[in-house]
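Worksheet: the structure to be examined is printed underneath.
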Amino acid sequence: MVRNLRQFIEKLKNENEIQVISREVDPCLEITEICDRVVKKEGPALFFEKVRGSSFPLAANLFGSFRRMNLALGVSSLEEITRKISGFLELKLPATFSEKIGFLPKLHQLSKVIPRLVNGGPCQEVVETDCDLDRLPVLKCWPMDAGRYITFPVVLTKDPETGIRNAGTYRMQVFDRKTTGMHWQIHKDGTEHFRKAKALGMKRLEVACVLGADPVTMFSSVAPLPFGVDEFAFAGFLRGAPLELVKCRTVDLEVPAESEFVLEGYVEIDERRLEGPFGDHTGYYSLPKEFPVFHVQCLTRREKAIYPATVVGRPPMEDAYIAKAIERIFLSLIRIQLPEIADMSLPVGGVFTNCVLVSIRKSYPHHARKIMHSIWGLGQLMFEKMVFVFDADVNLQDPAEVSWRAFSNVDPRRDLVLADGPLDELDIASSRELCGSKLGVDCTRKLPEEGMTRAWPPDIEMEERVRKLVTERWREYGLDQKFLR
């Protein structure tokens, strides 16, 4: 189990998955250009030893490949996590003695999920009450960005009513040496805590920002967990061991003990400031808008801390691999409510909220339409502008097959569904902010009850006997083995 960010970096070195750059680099635009070129060629993680204007090294593109995502989560395949989640979702109360005995190991596993408070940790080796954000190697990513941005924080708040913790990843524009923006979009859990604090008449909401947790915790803070579910407990579930936490020095929050940096502070409930523009994961600049302001009152860190960063922009970027991991892992949760779903894919070009592909075991007329509306009512999938529904035998991971089926199977007048609903705050196409139109496309084979008056033609398929014969004789043909499928 990787306990912290530096152990993960060492693991990447041992696996030849990281490139150390010893020449001095500029955090203003230069690092972004390097990352952009590397990630688009599925290159290694990057460790910048010397960043101009800072004494701290910077690590980037840590999750920017499928292999590194597996290494980060400690698995050989993401399907291992899917099976693990499915196993717990299928738990039922034991009835017989033998079932109770079999239930005990799973109860023991659940006990390892709960975060554990410890007396101290490396994240507090250095304590600075007169902190200076200008000392950190914070990036200005793109030319029209409003300034420098902390791009991969784990931002912690507590629900003012219940005390339940939330950990989320929200960009933070650095305004000066002690304040940043807090990009709490309207649908985010951090924003809900902020709204509750205002409704309760509170003047401030305490916040802690972790820069450089272990990779599983960083992933968990991005994951679209239901409101009220503890991301640190989810991280413990994925790690197979509880996350060790320490109390912050100046705020009533707990942070991972093995973190690299921790910024402690607060947001004033009635204070807002113009934030942005920012070159976002959509490939476009998000426009300036007023957001809460985070005031840093204390910085704690390791003695030789490592600063983590991610660069977003026109896909594919590092976040594309994180999103594909979320897609695979959370499919089992979606199937609990929609068991007819065979597979799901969030195309990278759809930037996670513009398009989702779903395949189903179709059982009745307009089954595809039921799935479209279900997707639009399911957690953060409510933001999907377009839902394409296919039959279960379609390989959603094959773009050639997906396009063939979609272009062939659809009669526009009959198979397109238009609806209205909420959209992601970063959507650029809608005429109004936060809401707009949606499109559902039924790409399944059509039934007579759906208005299909002709027989649906069968797919062209070769006889299995002939396939086996050709495979066995391939060498005799003198053809290259690369053509053998």
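Taken together, the values in this text are just the output of simple stated rules run on the coordinates, not laboratory data. These numbers were taken from a predicted model, which means no experiment stands behind them. Neighbour counts run over all protein chains shown; Cβ positions are idealised from the backbone, glycine included.
General remarks:
- Cβ-derived FRET efficiency at R0 30 Å, ASP176 paired with GLU15, nearest 0.05: 0.15
- Leading residue at positive end of dipole, segment 291-335 (Cβ point charges), from ILE306, LEU333, PRO292: LEU333
- Sequence-distant lysines (8 or more away, or on other chains) whose Cα lies within less than 19 Å of LYS324: LYS40, LYS41, LYS84, LYS385
- Stretching the chain fully between SER54 and LYS198 yields a gain of 48.1 nm (0.36 nm per residue, less the alpha carbon separation).
- Taken over the chain, the alpha-carbon convex hull comes to 201 cubic angstrom per residue.
- Which of VAL402, PHE175, ILE34, positive extreme of dipole for the chain (C-beta unit charges): VAL402
- Shown is the FRET efficiency for ASP459 and SER22, computed with R0 = 45 Å from the Cβ-Cβ distance and rounded to the nearest 0.05: 0.20.
- Evaluated at q = 0.28 Å⁻¹, a Debye calculation over the C-alpha positions of segment 404-471 (equal weights, vacuum) places log10 I(q)/I(0) at -1.16.
- Stretchable slack from GLU79 to ALA392, in nm (0.36 nm times residue separation minus alpha-carbon distance): 110.8 nm
- Relative contact order (%) - criterion: Cα under 8 Å, at least six apart; region: the chain: 15 percent
- Each 10 Å bin from zero up to the one holding the largest Cα-Cα distance in segment 338-450 carries the following percent of pairs: 14, 48, 32, 6, 0.
- Once the C-beta distance of TYR364 and THR471 is scaled by a Förster radius of 41 Å, the resulting FRET efficiency is 0.60 to the nearest 0.05.
- Of VAL441, PRO242, THR162, farthest towards positive along the dipole that unit charges on Lys, Arg, Asp, Glu beta carbons give the chain: PRO242
- Ranked by how many other beta carbons lie within 10 Å on average, peptides 237-243, 41-47 from highest: 237-243, 41-47
- Taking the DSSP bridge list for the chain and keeping only pairs wholly inside it, about 70 percent are antiparallel.
- Only Lys, Arg (+1) and Asp, Glu (-1) charged, at Cβ; segment 338-450 dipole about Cα centre in debye: 300 debye
- The listed peptides 157-163, 128-134, 429-435, ordered by packing as a protection proxy, come out as 157-163, 128-134, 429-435 (highest mean of other Cβ atoms within 10 Å first).
- Residues whose amide H comes within less than 5 Å of that of ASP343, counting only those at least five positions distant or on another chain, are SER359 (H built at 1.01 Å from N in the peptide plane).
- For segment 233-293, size of Cβ-based charge dipole, Lys and Arg +1, Asp and Glu -1, in debye: 140 debye
- For LYS196, a cut-off of 15 angstrom between C-alpha atoms picks up these aspartates and glutamates, skipping any fewer than 8 places away in its own chain: ASP159, GLU161, GLU206, GLU268, ASP270.
- In Hz, Karplus ³J(HN,Hα) per residue of segment 464-477 (6.51, -1.76, 1.60; θ = phi - 60°; x = Gly, Pro): 4, 4, 6, 4, 5, 4, 5, 4, 5, 9, 4, 5, 5, 6
- Listed peptides 459-469, 27-37 by packing density, highest first (mean Cβ within 10 Å): 27-37, 459-469
- In nm, spacing of pseudo-spin labels at ASN119 and ASP480 (7 Å Cα→C-beta vector): 6.6 nm
- Charges were assigned to the Cβ only: +1 to each Lys and Arg, -1 to each Asp and Glu. The resulting dipole of the chain about its Cα centre is roughly 640 debye.
- Only beta bridges with both residues in segment 338-450 are counted; by DSSP, about 50 percent of them are antiparallel.
- Degrees between helix 30-39 axis and first principal axis of the chain (Cα, 0 to 90, nearest 10): 30 degrees
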